[in-house]
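Notes to accompany the following structure.
Bear in mind that the values in this text are calculations on the coordinates, not laboratory data. Just so it is clear, the model here is predicted, and its values are computed rather than measured.
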Amino acid sequence: MTEDLFELEPPVDELGNCEAGPAHLQAPAQVSQLTKHWEVAQEEFNASGCDAKRNRNVTMELLALGAIRAVYWLALGSNEVALAKEIAEWWADCEPLHGLGETIK
């Protein structure tokens, strides 16, 4: 009887049949490698923009746009349609900045 009293059992998730605990102790959701590449390429594009003196790093900007274009096509090929749609919307919104058209070619 006393052995059962002091035996600790973790709470069990009803749906997953695994341990459940506080949300801050659970592992974060997996992020695809393409999403990580998209975020880095987007930051590179943002970093290449105009500074206070209106200087642009055109080479860095074009390299970032090429990376974004590559990630877009890889996302479509990998059936990550939500990511591809997000990239396409970003591309259309930033068309006045890069001047390469509203659609990714």
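Observations, loosely collected:
- Net lengthening on full extension, Lys105/Asn57 (0.36 nm per residue, minus Cα-Cα): 15.0 nm
- Amide hydrogen neighbours beyond the local backbone of Gly49, cut-off 5 Å, H modeled: none
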